[in-house]
Structures are given as C-alpha cells and as structure tokens.
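See below for the structure under consideration.
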Amino acid sequence: MKVVTLGEIMVRLGAPGYLKLIQANQFDVSYAGAEANVAVSLANYGLETDYITCLPDNPIAERCIMDLRGHKVGVDHILRTGKRMGILYLETGSNARPSKVYYDREDSSIATVTPGSIDWEEILKDATWFHWTGITPALSSNAAAECLKAIKAANELGVTVSCDINYRGNLWKYGKTAAEVMPEMVAGSDIILGNEEDCEKVFGIKPKDFDASRTNGNIDQNSFLSVCQQMMERFPRCKKMVVTLRGAINANHNMWSGVLYNGDELLISKRYDITDIVDRVGGGDSFMGGLIFGLLHYNDDRKALEFATAASCLKHTLKGDFNWVTVQEVENLIDGDTSGRVKR
C-alpha cells in the first residue's frame with residue numbers, strides 16, 4: 001500500500017521555549033507542512049509514502065529533503081523549481097497567552113508550479129491513497145489547478161482520496177475564495193476531515209444548536225451529526241465524514257476527541273484531557289495520518305477513529321510538526337496504559 005500526499009513544506013523557525021518572537025535572538029529550525037506531516041506519520045507507521053511538492057535548488061531545500069528521507073518518506077518526485085521555500089514563524093503560547101503562527105510564503109516554489117509539470121498518472125499508478133488539504137489550493141491558482149488535476153487522476157485510477165478542509169482565511173489572496181474553489185475539489189474526495197469552523201466558513205454548514213463560547217472545553221460530539229449529514233448530502237462521493245473536536249481551556253490544556261460518520265452511524269472517540277501541552281501545531285495532521293493508517297490497517301471505522309485520536313493526543317507531547325510516535329505507543333494509549341513504565 002502506498003499513500004501519496006501533495007502540499008507545501010516550509011522552514012519552521014520557532015522561538016525557543018516560551019519566548020515571544022520579539023524576544024528571540026535565535027530560532028529552533030525544523031520543517032513543517034500539513035501534507036508532509038501526514039506523510040511522516042504514515043512512514044513512521046510502516047506505510048510506503050510519496051510526498052509531492054516543489055522546492056528550490058538550494059542548500060536549505062536540500063536539507064529539507066534529507067530530513068524527509070530520514071523519516072523514510074518518498075521524495076523521488078519532488079520537483080526542484082522556483083526560487084524559495086516558505087517560512088513559518090512560531091511562538092509557543094502558555095496558559096492565557098495563545099500560540100501564534102506567522103507565515104512568509106508568498107511566491108514559494110509550489111505556489112509558482114507550472115501547470116501540467118507533475119505526471120499524476122505515473123505517480124498514482126501504483127498508489128492506494130491520495131491525500132490533499134485546503135492549504136494547497138489557497139496558495140495560488142496554479143497550485144489549485146495542479147491539486148484538482150491530482151484529484152481527478154486519482155478518481156480515474158480508483159485511488160481513495162482524502163481531504164482535510166484545513167481552512168486558512170489569510171492564505172486566500174489571489175482573487176478566488178475557498179467557497180469558489182474548494183467544492184469541486186472536495187466533491188472528488190472519499191474521506192473528508194474538518195471541524196465546525198471549516199465547514200461553516202467554506203460551505204456555510206454548521207451544527208444545529210451549537211455555541212462554542214458556552215462549551216468551556218467540553219463539547220457534545222453528538223451535536224456534530226448534522227454537520228456530517230449535511231456534508232455527505234452536499235458531496236455524495238464522501239463515504240466517511242470526520243470532525244475533530246478541540247476544547248481549548250487554555251494554551252496548555254485542551255480537550256481532544258473526534259467523531260466519524262459513515263452514513264449509518266456516528267462513532268464517537270474517547271475524549272482526552274491533554275494538560276501540559278508541548279506543541280499542538282500539527283495536531284490535526286497527526287490525526288489525519290492516524291486515520292489513514294487506521295482505515296488501511298484495521299479496516300474498521302471505530303478502531304481507525306480511536307487510533308487517530310490517540311495518535312494526535314500523543315503528538316501534543318512532542319516538539320515540532322512531525323509525529324514521532326510508534327504504532328505500539330498509540331495502541332498502548334488506546335488500551336489505557338499511561339503508566340510511564342519503561343518498556344522492555
């Protein structure tokens with residue numbers, strides 16, 4: 001089984017510890033990108049992956065490729081085009097002060113991709129799964145066109161397509177809105193991941209009788225059944241609609257869970273009370289990586305949902321965008337083993 005992902009990977013420059021960016025005299029350097037995060041998770045779980053992006057021909061991009069290769073992610077189809085990598089600046093929040101992310105990614109290599117430069121039929125010919133997110137079509141009209149081409153090629157080849165709506169309003173700057181571009185792309189997706197904000201801002205779909213301001217970190221998962229049903233009615237190809245539920249008590253303390261609707265029943269995951277968060281950036285991507293692995297490995301919706309939620313819970317304990325946890329560590333958490341004992 002091979003999973004192909006498409007997207008932008010950036011240089012992540014994080015202020016050390018809990019410093020604000022304005023205080024920082026140096027940065028922790030790593031790499032970050034929603035679809036790359038998914039690929040790393042899947043490769044870490046033992047699946048074959050192929051990550052597709054565009055990177056400039058310079059030492060920073062070369063180091064990025066080395067990093068991906070070190071995680072056993074396939075990099076053979078990365079195009080060396082364009083002039084720059086995007087940059088993500090991060091300051092980690094604490095208690096009442098939230099984390100903040102600042103982007104410098106305009107005219108990055110993937111945003112300037114030449115339409116038709118990626119041979120999707122060749123890349124996807126032996127693939128089982130293709131994953132994309134709403135970040136890619138937000139970057140430029142060229143990136144959106146290439147992403148749509150990949151989705152259509154996957155549909156024609158019978159490759160399962162998953163989508164993380166991942167709406168980022170500040171990225172849509174080239175004259176088109178997500179509401180104009182995304183529907184045709186989401187229509188080609190078999191598995192859709194989103195949250196209540198994504199569904200409302202892109203498609204105007206929201207849960208009935210729900211007020212996030214009154215949750216105090218505790219969310220009734222059943223209130224999202226209407227969102228799942230509305231999304232599947234809007235996009236008939238969709239076989240499973242998944243919603244991640246984050247109840248943010250403060251920057252270090254979140255409630256985390258998920259629901260999966262398969263058209264017949266609404267499955268509700270265990271709810272995790274995550275205290276002392278190390279790094280929540282990439283949490284949704286770790287959920288998606290866990291979900292894809294779970295659906296392919298267990299062939300059971302409930303087990304897949306629990307694996308995704310537990311994997312993402314563990315990601316919150318790790319610095320950086322990538323989720324380094326093993327399948328065994330995730331399964332231990334699902335089984336309730338949080339003793340911290342040394343495993344022999």
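Taking (1) farther than 23 Å from Trp132 by Cβ; (2) assigned to a helix (DSSP H, G or I) in turn, Asp285 satisfies each apart from (1). Scanning the stretch 163-199 for residues that are buried (at least 16 other Cβ atoms within 10 Å of the Cβ) and assigned to a helix (DSSP H, G or I) gives Leu171, Ala178, Val181, Met182, Met185, Val186, Glu196, Asp198, Cys199. It is to be established whether one or more residues within the stretch 246-261 are modelled with pLDDT of 95 or more, out of contact with any Ser or Thr (no Cβ under 9 Å at 6 or more places or on another chain) and either acidic (Asp, Glu) or under 30 Å from Gly188 (Cβ atoms) (or both). The answer is yes, given that some residue of the stretch 246-261 is modelled with pLDDT of 95 or more, out of contact with any Ser or Thr (no Cβ under 9 Å at 6 or more places or on another chain) and either acidic (Asp, Glu) or under 30 Å from Gly188 (Cβ atoms) (or both).
Determine if the stretch 221-232 includes at least one residue that is more than 21 Å from Tyr103 (Cβ to Cβ), modelled with pLDDT under 95, of a type in the set (S, T, N, Q) and part of a strand (DSSP E or B). No, that holds for no residue. For Asn252, the conditions (1) more than 12 Å from Leu305 (Cβ to Cβ); (2) of a type outside the set (D, E, K, R); (3) under 18 Å from the mean Cα position of the chain (by Cα) all hold with the exception of (3).
The condition (being open to solvent by less than 10 Å² (accessible area, probe 1.4 Å), on the phi < 0 side of the Ramachandran plot, modelled with pLDDT of 95 or more and not hydroxyl-bearing (Ser, Thr, Tyr)) is satisfied by just one residue among Val40, Val29: Val40.
The values are calculated or read from the model by the stated rules, or taken from the named source; none is laboratory data. Predicted, not measured: the structure shown is a model, and the values here were computed from it. Here the Cβ is made from the backbone with ideal geometry for all residues, glycine too, and neighbour counts use every protein chain on show. All accessible areas refer to the heavy atoms of the entire protein, side chains included, with ligands and DNA or RNA removed. Shrake-Rupley method; radii C 1.70, N 1.55, O 1.52, S 1.80 Å.
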